[in-house]
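The structure appears below as structure tokens.
The values are calculated or read from the model by the stated rules, or taken from the named source; none is laboratory data. Here the structure is a predicted model, which is why all the values come from computation and not from measurement. Note that each Cβ is placed from the backbone with ideal geometry, even for glycine, and that neighbours are counted across all protein chains shown. To get the accessible areas, we keep the full protein, side chains included, count just its heavy atoms, and leave off ligands, DNA and RNA. Shrake-Rupley method; radii C 1.70, N 1.55, O 1.52, S 1.80 Å.
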Amino acid sequence: MYYENSLVTELNPTFLFTWKGTRNYHEQNYHSHEHIEMAFVLSGVGKYRIDDVVYDVKEGDILILNPGVKHQSILTSPATPTTEFFVGFTDIKLKNYPPNYMMLKDGSPIFHTTGELRQKLYKLCMAIAAEYSVCEEGRYFMLNSYLVQMLLLIIREQTHAVKISTGYSFDSTNKKYIVQQILNYLSDHYNEKISLDQIAENMYLSPFYISKIFKIETGDTPIRFLINLRLEHAKELLEQGFSGSIKEVAAQVGYEDVYHFSKVFKKKYGISPSRVREEETKIK
């Protein structure tokens with residue numbers, strides 16, 4: 001689900017190329033590109049000159065090289081050269097940034113990954129390399145999907161998690177709020193076809209959890225409450241002289257089966273709907 005402060009409102013990059021290799025030499029050209037290059041250092045140590053600043057790089061580092069940013073790889077130790085995995089892409093737009101531009105949270109073009117994130121990125125790099133080496137059906141779309149996953153992992157690492165406003169914590173105040181929302185929904189839609197699964201889906205909660213907290217707060221289940229609500233409205237219609245048939249009364253409060261309606265009505269009030277109508281007619 002998208003939330004208001006998200007950097008990502010749309011993410012459909014154009015995958016351009018990938019390259020994997022070991023730097024056994026100084027890169028000759030201090031250069032830039034019109035597209036974004038993203039490099040993941042798979043192993044080794046080295047240096048990168050980026051916009052006239054020299055950075056140390058090592059295994060697990062991600063380099064984001066935006067369009068127009070001049071860069072050059074520098075070999076520091078022939079014994080431990082860097083093995084790098086590059087992906088080139090274009091056509092991205094992140095909120096509050098120019099087109100085709102990615103910014104890390106500290107303004108640096110480099111950040112170091114560890115643990116689970118590093119492993120996920122490594123696996124995606126290997127998946128891209130494997131897919132790139134063959135020409136199977138849907139190759140471009142598969143490559144693009146791996147690229148999108150890499151970008152999202154990096155973006156998530158740079159942003160704080162935000163609780164979505166429709167999510168609910170399980171404290172007492174929120175329980176009361178959720179139950180009130182359910183009560184409001186049932187009151188507004190009692191004459192429609194309603195299921196517990198539908199209510200749960202609308203509130204992004206499980207049917208079990210909804211039933212549990214509703215029972216705690218009201219002493220009743222949502223479905224039992226709905227049945228009582230429908231029957232109360234049906235009784236009001238009959239007492240107020242509704243001229244339609246019993247079948248029409250049932251339909252007015254959400255029942256398609258008039259026999260079932262009459263059965264639950266009599267169970268609740270000890271009298272059939274038709275008998276209620278007769279009694280009201282005698283009084284009048």
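For segment 194-275, the set of chymotrypsin sites (Phe, Trp or Tyr not before Pro) satisfying both a DSSP loop assignment and a count of at most 16 other C-beta atoms within 10 Å is given as 204, 242.
Taken over segment 198-284, the alpha-carbon convex hull comes to 110 cubic angstrom per residue. Taking each DSSP H run with n ≥ 4 as -39500 (n - 2.57) and averaging over every residue of the chain yields -14000 deg cm²/dmol at 222 nm.
Spin-label pair residue 19-residue 126: with each label point 7 Å from Cα along the Cα-Cβ axis, the two points sit 2.4 nm from one another.
Could you sort out which of 215/235; 95/175; 215/266; 175/263 sit more than 29 Å apart by Cα distance in this structure?
Numbers: 215/235 25 Å; 95/175 34 Å; 215/266 24 Å; 175/263 34 Å.
Cα-Cα > 29 Å for 95/175; 175/263; rest within.
Rg over Rh for segment 1-128 works out to 0.97, both radii taken from alpha-carbon positions and Rh defined as the Kirkwood radius.
Straight-line cross-link partners of residue 105 among the aspartates and glutamates, defined as a Cα under 19 Å from its Cα and at least 8 positions apart when in the same chain: 4, 37, 51, 56, 61, 157.
Diagonalising the gyration tensor over the Cα atoms of segment 98-140 and scaling each eigenvalue by 5 before taking the square root yields semi-axes of 27, 17, 7 Å, largest first. Split the accessible area of the chain by element, probe 1.4 Å, and carbon with sulfur accounts for 51%.
Long hydrophobic helices in the chain: the complete DSSP H runs spanning 27 Å or more by Cα along their own axis with mean Kyte-Doolittle hydropathy of at least -1.0 are 139-158.
Straight-line reach from residue 58: which lysines have a Cα under 16 Å away, not including same-chain ones fewer than 8 places off? Within the straight-line limit of under 16 Å, residue 58 reaches these lysines: 20, 47. Maximal additional length on extending the residue 192-residue 215 stretch stands at 6.1 nm, based on 0.36 nm per residue less the C-alpha distance. Distance between the modelled labels on residue 29 and residue 184, one decimal in nanometres: 6.2 nm (7 Å Cα→Cβ projection). With the convex hull drawn over the C-alpha atoms of the chain, the volume per residue is 199 Å³. Here the relative contact order of segment 31-184, from alpha carbon pairs under 8 Å that lie six or more residues apart, stands at 20 percent.
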